[in-house]
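Note sheet for the following structure.
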Amino acid sequence: MKRGTKFMITDDLIITPLNSTSTIGLVKEKQIRLDDVEVQEIIIRKEEVIACLCSFLVSTYNIAY
């Protein structure tokens, strides 16, 4: 992953790269009104990402798709 990569994360934790095509497609698919969209910028260090990934990998919580 390159530094400065931006993502869109929905309330139901769908994570997609932030580009106009995927953003518009997801907004249409989920029928999200544009005034419901909120932009926030966060900075996550490499160590934090690794800790989250490790937690995810050892979690016993199962997600049904």
Flagged pairs (Cβ under 9 angstrom, 6 or more apart or on separate chains; first in the range 46-65, closer than 21 Å to Asp12 by Cα; second exposed (fewer than 10 other Cβ atoms within 10 Å of the Cβ) and at pLDDT 75 or above) are Cys52/Ile44
In the range 1-34, residues that are in contact with a Phe, Trp or Tyr (Cβ under 7 Å, 6 or more places away or on another chain) and open to solvent by less than 100 Å² (accessible area, probe 1.4 Å) total 3
Return the residue satisfying two criteria in turn: it lies in the range 37-52 and is loosely packed, with under 10 Cβ neighbours inside 10 Å and part of a helix (DSSP H, G or I), and of such residues it is nearest to the chain's Cα centre (by Cα).
-> Lys46
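The values are calculated or read from the model by the stated rules, or taken from the named source; none is laboratory data. These figures come from a predicted structure and were not determined experimentally. Note that each Cβ is placed from the backbone with ideal geometry, even for glycine, and that neighbours are counted across all protein chains shown. What goes into the accessible areas is simple: the full protein's heavy atoms, side chains included, and nothing from ligands, DNA or RNA. Shrake-Rupley method; radii C 1.70, N 1.55, O 1.52, S 1.80 Å.
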